[in-house]
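Since the structure comes first, as structure tokens, the remarks are kept for the end.
The values are calculated or read from the model by the stated rules, or taken from the named source; none is laboratory data. Predicted model, so just to flag it, every value in this text is computed and none were measured. Glycine also receives a Cβ, built like all others from the backbone with ideal geometry; neighbour counts cover every protein chain displayed. Side chains included, ligands, DNA and RNA excluded: accessible areas come from the protein's heavy atoms. Shrake-Rupley method; radii C 1.70, N 1.55, O 1.52, S 1.80 Å.
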Amino acid sequence: HVQLQESGGGLVQAGGSLRLSCAASGTISSSINAMGWYRQAPGKQRELVALITRDRTTNYADSVKGRFTISRDNAKKVSLQMNSLKAEDTAVYYCNLNRTTGTDYWGQGTQVTVSS
């Protein structure tokens, strides 16, 4: 059974920084294809923020390039360093794990609020 535990959300002023972390539980290290972060703002669809594949290839949304950095702490943990935060980054951020089988797992979500 795979579970994703997220941490690090909160309230920050515009221009500030936050670091999100996501740790996966379960014996799945060898079958992880990619891990990443998505976000959903009120009234909007969930969108990709950043992901990192098993060979450490990264992919970022254009809106966060140069400000956010995703990293793989170990086989089952990823972090998202968010700098120069803007009000439009306010959303619920969800950790995602994609297995080589094609199955997706989601965390419960963590709120990030950026005050302007």
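Computed with a 1.4 Å probe over protein heavy atoms only, the accessible surface of the chain comes to 51 Å² per residue. Each peptide in 84-91, 57-64 receives the mean, over its residues, of other Cβ atoms within 10 Å, and ordering these scores from highest gives 84-91, 57-64.
With both residues required to sit in the chain, DSSP beta bridges show an antiparallel share near 90%. Just so you know, the Cα atoms of the stretch 1-43 work out to an Rg and Dmax of 13.8, 39 Å. Solvent-accessible area of the chain (1.4 angstrom probe, protein heavy atoms only): carbon and sulfur portion equals 45 percent. The translational diffusion coefficient of the chain, from Stokes-Einstein at 10 °C and 1.306 mPa s with a Kirkwood hydrodynamic radius over alpha carbon pairs, comes to 113 µm²/s. Out of every Cα-Cα pair that the stretch 45-90 contains, those further apart than 15 angstrom amount to 44 percent.
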